[in-house]
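Q: Please read through the structure below; I'll follow up with questions.
The values are calculated or read from the model by the stated rules, or taken from the named source; none is laboratory data. In this text, all values refer to a predicted model and were calculated from it rather than measured experimentally. For neighbour counting, all protein chains shown are included, and Cβ atoms are generated from backbone atoms with ideal geometry for every residue, glycine included.
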Amino acid sequence: MPRISQITDVAFDGIDNPYVPPKELTISPSLKLHRDWDETVDPITYEVIRHNLWNINEEHGATIQRISGSPVAMFALDLNPSILTEDAEFVYFGPYMQYMSGVTDTQVKWILEYRSDNPGIKAGDMFLANDPWVGAAHQMDVMLICPVFHEGELFCWITNCLHQYDIGGITPGSFCPSAESAFDEGILIPPVKIVENDVVRRDIEALYLRSSRKPDMVALDFRAQLAGNMTAKARMEQLITRYGAKTVKTVMKKVIDNSEAAFLAKLKRIPDGVWRDRTYIEACRPGDRRTHRVQIALQKKGDKLIFDNEGTAPQDGAMNATYSGWRGSVMVAINELLSWDQYFAVGGALRHIEFDPVPGTLNCANFPASVSTAPTQSMEISLYPAYNIISKMLYSDEELRQDIMGIGGTSQWPTTIFRGIDQWGERYGYLLIDPIGGSIGAFAQGDGINTGGQARTPIGQLPNVEHNEQLFPLLFLYRKELPDSGGAGKFRGGLSAESCFIPHNTDHIVQDTLSSGNAIPTSTGMMGGYPSTTNAYTFVRNSDILERMADSHMVEDASEVTGESILLQLRQENFVQNAADVYAVRWSGGGGFGDPLLRDPERIAHDLEHLNITPAAARDLFGAVLDADEHVDVAATAKNRDQIRAARLTRLGKGHAPREIHSGEASLAAGDNLAVYGASNAAHWACAHCAADLGPLADNYKDVCLREDLPVSASNPLVGDPFDFVDDAVAFRLFYCPACGSQIDNEIAVERDPVMRDIELSL
């Protein structure tokens, strides 16, 4: 199927097809743009104004948090403010939900193209928008977009986005797991003028609120966004008054130019090439037992990066994302791995990045696909391969290698949607926020961070139990970190956690599950690192928990209660949780980095002492030998690891000819276990540990490796049987050096899918 760049007979205008901004925007000549700036500014003025701009954006986000009554804003931080130039280049976006701002510039560019003539863009206007085909993650992510004028010219844009509590659709809360199309979901609003002459248009507001089951809460969220924009606009106008429009605009442009220069400096250190990764989504609708492939490729060519999704499955069911949603998802990884040193100023990098997906796929869906679950489905699942391919690209440079980070934890989010009558007799519908606790995957230089939040929300916070119980009719039995939940590796992925609760002060709770990543790990690890745990739901019907509590006995794990254990499917709707029914939700941890047999025994000992791993995992995954007191025997561990590598050669190496061993220094480090010897047409892949030849650079090094296929459950102690959820067989493929038996890499794949050629280099 052709990519967007290969299609010339289709209008990508945000109607039937996604809006893809052209290189040159068509803007009404009646709209005057402020384009007066200098090429240089003194460094002190630059730093003062730059930090003022950042503080404006920070105050903007804090204002929304203070005014909104939604736990989405307070705990999940599912919001983000942005500042853009007059022509919609990012100056800054906030440190909240990153993929929200990743779609903001497309909304603003659409307004410039399609609203500048009629109804026009004027001082005192604000535009309301949530159309995913124009620029939103899903319908609940409502944007409020504010132009800022100076002396009759459009100076810049102040924008924000906030996940609204409920904006309609067939399911309360507007996550609609059984939706057949967007027509089953919440209201779609292409950018519409909701504030005119600094006055809220009551007709547009009433239309927008009419779709919600909780109009009062949505109205409060809208007022929070309105206050955020008004605060940021006032601060921007004060800044202009103090320093002058030309000077402020000069700093804005300089911020972008500096971010561009920093980005290009990094690209110069990296060889050209293509890097690929894939993962899977499970269950696109209730009853579905298929797997749906997500694949992302990154091409680096000179001073340009091109992202595509060739190989991704067609759009289907209720799990899709639009072009802007996928683009926003990839931009999370871009910002945090390539532009982290630019303080959320990604506009310069975007000058050299192209997004070129295949339309009609599950992360570039055409209208009217169902997209309400996109952030917890195809967008989040797209984050893993995006992080992996950028990290693989960075590895070749010793300095940039330090920026590598494996994503982890809740991408994919194991959503549980609950509704009913709360402790005050009010109707409610919401989702469990706890998985925002997430975890951080392993780094190239060290272990990941246990329950360290989500990389996509850098300042995210886990809601405390008391707030959950205050807001909703729940009583928590426990919330705890889980040993072995982080992926094994030279550096271990961060641990995830599990929350367990029963209804409280209500007759019952009606629940939906909305998940993926239960059968196949989505935090797959990197460069030989193993995957983390899968997501899991545990449900025990008619348990003895109330009797235990009456006896002052609290449980530490759901397995301790007696009752009927029920296997919840990935999209199970309208099941009832009664007072004695115990419900636990486990979310994925962070993937590991590097070969687990290379993990320092001291780190293993530390993990055992702090209950990060179990003794069984130490033995089975890390090759550790433990004495009678379960302490690591360092000498015996080294010997055992050598025996494991030798056994691989004996078990798998029959019929394989000895490999040439390269001499001298490697010309390039392509991965933690993979090197390149030679240059240009004579370049060859090689084992980074023994320098054994792994074939010409033009070929896939994995084809030369010894391959072992294991059940996916062998990758992590908490990964279960995929057949509980999907019909496809899933393999844990390991690739070993044919000379020394060291692990070169691994991959998780549906058995019918071929071995991934993950790296192609052009030297």
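Q: For Arg492, are the conditions met, namely being crowded, with 24+ Cβ neighbours inside 10 Å and either closer than 24 Å to Asn716 by Cβ or touching a residue at least 60 places away in the same chain (Cβ under 8 Å) (or both)?
A: In short, yes.
Q: Also, I was wondering about something else. Would you confirm whether any residue within region 229-248 is hydrophobic (A, V, I, L, M, F, W, C) and under 26 Å from the mean Cα position of the chain (by Cα)?
A: The answer is no; no qualifying residue exists.
Q: Would you point out which residue out of Leu718, Leu694 is outside any helix (DSSP H, G or I), under 34 Å from the mean Cα position of the chain (by Cα) and closer than 30 Å to Glu481 by Cβ?
A: That would be Leu718, the only listed residue that is outside any helix (DSSP H, G or I), under 34 Å from the mean Cα position of the chain (by Cα) and closer than 30 Å to Glu481 by Cβ.
Listed here are the residues, each with its yes/no results for (1) within 22 Å of the chain's Cα centre (by Cα); (2) closer than 24 Å to Met217 by Cα; (3) among the basic types (Lys, Arg).
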| site | (1), (2), (3) |
| --- | --- |
| Trp54 | no, no, no |
| Gly69 | no, yes, no |
| Ala88 | no, no, no |
| Phe93 | yes, no, no |
| Asn118 | no, no, no |
| Ala137 | yes, yes, no |
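Q: Within the bounds of region 149-157, is there any residue that is crowded, with 19+ Cβ neighbours inside 10 Å and either in contact with a Ser or Thr (Cβ under 8 Å, 6 or more places away or on another chain) or at pLDDT below 95 (or both)?
A: First pass over region 149-157, keeping only residues crowded, with 19+ Cβ neighbours inside 10 Å: 149-150, 154-157.
Of the ones still in play, those that are also either in contact with a Ser or Thr (Cβ under 8 Å, 6 or more places away or on another chain) or at pLDDT below 95 (or both) are 156-157.
For region 149-157, residues crowded, with 19+ Cβ neighbours inside 10 Å and either in contact with a Ser or Thr (Cβ under 8 Å, 6 or more places away or on another chain) or at pLDDT below 95 (or both): present.
Q: Spot the failing condition for Ile381; the list is (1) touching a strand residue (DSSP E or B) at 6+ places or on another chain (Cβ under 8 Å); (2) surrounded by fewer than 24 Cβ atoms within 10 Å (Cβ to Cβ); (3) aliphatic (A, V, I, L, M), and only one is missed.
A: Going through the list (1) touching a strand residue (DSSP E or B) at 6+ places or on another chain (Cβ under 8 Å); (2) surrounded by fewer than 24 Cβ atoms within 10 Å (Cβ to Cβ); (3) aliphatic (A, V, I, L, M), Ile381 breaks only (2).
Q: Could you look through region 313-347, keep only residues that are among the β-branched types (Val, Ile, Thr) and in a loop (DSSP other than H, G, I, E, B), and pick out the one that is farthest from Arg752 (Cα to Cα)?
A: Only one residue tops the list, namely Val346.
Q: Taking the condition of being surrounded by 24 or more Cβ atoms within 10 Å (Cβ to Cβ), not in a strand (DSSP E or B) and not polar (S, T, N, Q), how many residues in region 122-148 meet it?
A: 9
Q: Considering only residues that are among the aliphatic types (A, V, I, L, M) and either without any contact (Cβ under 8 Å) to a residue 24 or more places away in the chain or in a loop (DSSP other than H, G, I, E, B) (or both), which ones fall in region 365-394?
A: Across region 365-394, the qualifying residues are Ala365, Ala369, Val371.
A quick yes/no check of all residues on (1) in a strand (DSSP E or B); (2) farther than 29 Å from Arg285 by Cβ:
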| residue | (1), (2) |
| --- | --- |
| Phe539 | yes, no |
| His553 | no, yes |
| Ser559 | no, yes |
| Thr562 | no, yes |
| Val576 | yes, no |
| Ala584 | yes, no |
| Ser588 | no, no |
| Leu597 | no, yes |
| Asp607 | no, yes |
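Q: Counting just the residues of region 697-715 that are touching a Leu at 6+ places or on another chain (Cβ under 9 Å) and assigned to a loop (DSSP other than H, G, I, E, B), which one comes out nearest to Phe732 (Cα to Cα)?
A: Step by step, filter region 697-715, then rank; the result is Cys705.
Q: Taking region 1-14, which residues are outside any helix (DSSP H, G or I) and either surrounded by 14 or more Cβ atoms within 10 Å (Cβ to Cβ) or among the basic types (Lys, Arg) (or both)?
A: Result: Arg3, Ile7, Phe12, Asp13, Gly14.
Q: Consider region 431-452. How many of its residues are out of contact with any Phe, Trp or Tyr (no Cβ under 9 Å at 6 or more places or on another chain) and assigned to a loop (DSSP other than H, G, I, E, B)?
A: Number satisfying all stated conditions: 3.
Q: Can we say Val294 is touching a Pro at 6+ places or on another chain (Cβ under 8 Å) and either assigned by TED's automatic domain parsing to the domain that holds Tyr46 or touching a residue at least 60 places away in the same chain (Cβ under 8 Å) (or both)?
A: When the stated conditions are applied, Val294 passes them.
Q: Tally the residues that are exposed (fewer than 14 other Cβ atoms within 10 Å of the Cβ) and either β-branched (Val, Ile, Thr) or over 20 Å from Glu237 (Cβ atoms) (or both), restricting the search to region 29-44.
A: 8
Q: Further question on the same structure: Of the residues Asp216, Asp203, Asp257, only one is surrounded by fewer than 17 Cβ atoms within 10 Å (Cβ to Cβ), at pLDDT below 95 and assigned to a helix (DSSP H, G or I); which?
A: Asp216
Q: Could I ask something else about it? May I ask you to verify whether Thr247 is surrounded by fewer than 17 Cβ atoms within 10 Å (Cβ to Cβ), at pLDDT 95 or above, assigned to a helix (DSSP H, G or I) and of a type in the set (Ser, Thr, Tyr)?
A: Values: surrounded by fewer than 17 Cβ atoms within 10 Å (Cβ to Cβ): no; at pLDDT 95 or above: yes; assigned to a helix (DSSP H, G or I): yes; of a type in the set (Ser, Thr, Tyr): yes.
The answer is no for Thr247.
Residue-by-condition table, conditions (1) within 18 Å of Ala137 (Cβ to Cβ); (2) crowded, with 24+ Cβ neighbours inside 10 Å; (3) modelled with pLDDT under 95:
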position	(1), (2), (3)
Asn309	yes, yes, no
Arg327	yes, yes, no
Leu337	no, no, yes
Tyr343	no, no, yes
Leu350	yes, no, no
Val358	no, no, no
Cys364	yes, yes, no
Phe367	yes, no, no
Ser372	yes, yes, yes
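Q: In region 281-289, is there at least one residue being surrounded by 20 or more Cβ atoms within 10 Å (Cβ to Cβ) and part of a strand (DSSP E or B)?
A: yes
Q: Considering only residues that are among the aromatic types (Phe, Trp, Tyr) and assigned to a strand (DSSP E or B), look in region 149-168 and name the one that is nearest to Gly328 (Cα to Cα).
A: Only one residue fits best here, namely Trp157.
Q: Got a number for residues in region 428-441 being under 15 Å from Glu336 (Cβ atoms) and among the hydrophobic types (A, V, I, L, M, F, W, C)?
A: Count: 1.
Q: Right, here's the next one. Is there any pair with a first residue in region 572-597 that is modelled with pLDDT of 95 or more and a second that is assigned to a strand (DSSP E or B) and basic (Lys, Arg) whose Cβ atoms are under 7 Å apart and which are 6 or more apart or on different chains, and what are they?
A: From region 572-597, the pairs are Asp581/Arg541.
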